[in-house]
Structures are given as C-alpha cells and as structure tokens.
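This report refers to the structure that appears directly beneath it.
The values are calculated or read from the model by the stated rules, or taken from the named source; none is laboratory data. If you're wondering where the values come from, they're calculated on a predicted model, not measured in any experiment. When we count neighbours, we look across all protein chains shown, and the Cβ atoms used for this are built from the backbone with ideal geometry, even at glycine. Surface areas here come from the heavy atoms of the whole protein model, side chains and all, with no ligands, DNA or RNA. Shrake-Rupley method; radii C 1.70, N 1.55, O 1.52, S 1.80 Å.
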Amino acid sequence: MRRLVRPWAALLPLGLLVLGGCAPLEVEITTLSQKVDEAFKAHEYQRAQALLAELPTGERTQQMEAREAWLERMTGHLEQAILMQAAALLRREQWLDALEVYDRGLVMLPDSAPLQAARETARVQYEGRLTDLQVRLMLARGRSLAALRPIYAELARVGPEDAEAARELGRIRQDSLEVAQDLQKLGGLALEAKELRLAVDALSLSQALRPTDDTLEMLDSAQQAKAQVQAAQRQADHARRQAAWEARSRELFDHYHEAMQSGDLNAASRHLKGLERTRPRDESLPRLQRELDQAIDTRITLGLEEGRRQYLDGEIEQAVETWRELLELRPNHAELQAHVQRAERVLESLRGLEGEPMVIPEPIPDDADEAGGAEAEEQ
C-alpha cells in the first residue's frame, strides 16, 4: 500500500542542505559606487553622472568627486563631437554610418535632446532619400518599357520568324502589366499627398502601359488639380511682383522727394528714371519731370554765371569743375560743352608755359553769340 507524502515533505531535504551549509546561497550586493564604476567601464557617462548625483555624502570619495567634475566638463564637448562627426558623414550621404554614430552617442548620453533630434532628422532624411530613389527607379522602368514595347512589337510584326524578339515582347508585356499596377498605386498615393506633378507622371505612364478606366479617371483628377494649382501659383506670383513693384515705387518716390529737398538733382534724376521703369503709366511722372527740369534749368543758369566769375578771376580749374558738374545734369548742353572745352585748352596752355609769363584767359562770349564764337575759333 502506497504511503501518502505530504507536499511540504519534498522541500525538507533542500532546507536541511541550506541549514547544513552544504550549498550556501550567495547574495550579490551592488553598491552605488560599484554601479558608477560599471557605468564608466560601459561608457554610459550620463548614467554615471545620474548615479553620482544619488551618491550619499559619506560615500563621496575624492575619486568620485574628480569623476563628477570630469563628467560635467566632458559631457558638452562629447555631445558636440558626436554631432560634428555624424554631420560630416551625412554630408557624404553615409546615412547608416551617421545613424550608428548617433546610436553610440545615445548609449553614452541617452537623455541628450540634441542627439535625439539630430538622429530623428537623419533617419527621416535617409528614408526620404531611399523613397526618392525607389520612385525614380519605378518611373525609369515605366519609361523604358513604354519606349521598348512598340519597337519589339514592330520587330515581331516585320520578322515573325524572330523567336528572340517574340520572347522579349512577351516579357515586356508582362513586365508592363506589373509596373503599370505599381505606377497606378504610386500615382494614387501622390494624388492623396497633393504631389500633383508626381501623380501626373506616374498615372500617365501607367495609362500608357496598361490603359484602364480607373487610371484614366485618376489621371484626369490629377491634371485638373495640377492646372488649378498652377493657376493659383501664377496669380500669387503676379501679386508678389505687383507688391514688390509697389514697394519699390514708394521707395523711389520717397528717395526722389528727399533728393529734391536736399538739392541733389543728380540723385533725383536717377530715382525718377527708376520710377519710369517700374511705373511707366503713372500719371504723376510728367509733373515730376517738369519739376525736375525746372530745377535743373535754374541750377544751370546759376552755375554758368558762377563758372564765368571763377574763370575771369583766374580760377580756371574751379570753373571747369563747376561746369562739369552741370554737364552731369545736361550732358548735351552746347554752351556748357563749349565753356569746358575752352577752359581745358587754357589749362593746357598754362601747364605748357610753366615758368613763363602769365597767359591771359580767352574771353568768354555772351550767351547770344556763343555758337558763332565757337565756330570762329575753329576757323
């Protein structure tokens, strides 16, 4: 007859072994100091810094304080070094190597917000680059099939005995069906994402490879949406140009009035020419031009007299300078041109006779016979 064994009886030998010391249990005790050492060995510097902050004052040895000071100095430099190393790899489009650098850095500094943000940005850029290449590859395959299919179809028609051309045509037709389906999906996703140029390109190729009513309907929607966006873009561009012209016109008007008030007629003339280019149909421009012409005429009249006085007083160079400044306002003014030419000849004579008796300047004719005197000189 079997004897019943109480459930706890099976545990009795194990208890005796423990009590007897035959197999003592080892309890692992890890202090904060040991955890700091482990974090340092694993290069988990931010974790080590957090553990050091929890370390009781009684356990803060000189070595621990030195480590804490070193960590405070090093953390910022380490973060910048990781960011710079990863950025250099990203410039060469070594995306996976850059992500690995960020991962190693986050092991050391897991709470670093700049590292986390930089890694996420790099990941998004990497995935975007892969997607872009895949889309370009799909479009390239679609264009290639669309170009090759009619050529092989013609080869098969002209040379029906060409088995290779027939096989290649069959392969192209099969591939065209698969690629057309992928392009239709791509076009649909692009249409939903408002990537209308890509949607039109993908759906156009899909319809060319495998015409279907669904693809044609999606293509019409994409083309209409693209046309609407382009029209809105044209209107926005025109409005921006108009606003820029208005701002530039206001600026030129302000500069023109400032120049007139300060007496800088050369600047006023430049600003008025700018206004004529930006607002050629502005009704106020003729009035501004008359105002400027009157001011220039007055300036020339006074300047002619001032130059004559300087000339007769023997201040030939000052007279030439006065008349040349007036020529900037009226480059084709015949009287000013004649005065400048005459004064320059006198200056040349004076320079050639340095040390000789003083040369008397040529007389300046009156305004009435200025043209006749100039002709007599030439004769």
Inter-label distance for GLU217 and LEU106, nm, one decimal - labels placed 7 Å from Cα along Cα-to-Cβ:
4.4 nm
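What's the extension gain from LEU137 to THR121 if we count 0.36 nm per residue and subtract their Cα-Cα distance?
Full-extension gain reported as 3.3 nm.
How large is the accessible surface per residue of the stretch 233-340, computed with a 1.4 Å probe and reported in Å² as a whole number? If you can, show how the numbers build up before the last one.
Values: 6830 Å² over 108 residues.
Per-residue accessible area for the stretch 233-340 comes out at 63 Å².
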Leaving out ligands, DNA and RNA, and with a 1.4 Å probe, what % of the accessible surface on the stretch 226-271 is carbon or sulfur?
50 percent
Two-site label geometry, GLU328 and LEU302: point separation in nm, points 7 Å out along Cα→Cβ
1.7 nm
Find the centroid of the Cα atoms in the stretch 113-142 and in the stretch 253-304, then give the distance between the two in whole Å.
57 Å
What nm distance separates the two modelled labels at ASP182 and ALA295, each placed 7 Å from Cα along Cα→Cβ?
7.0 nm
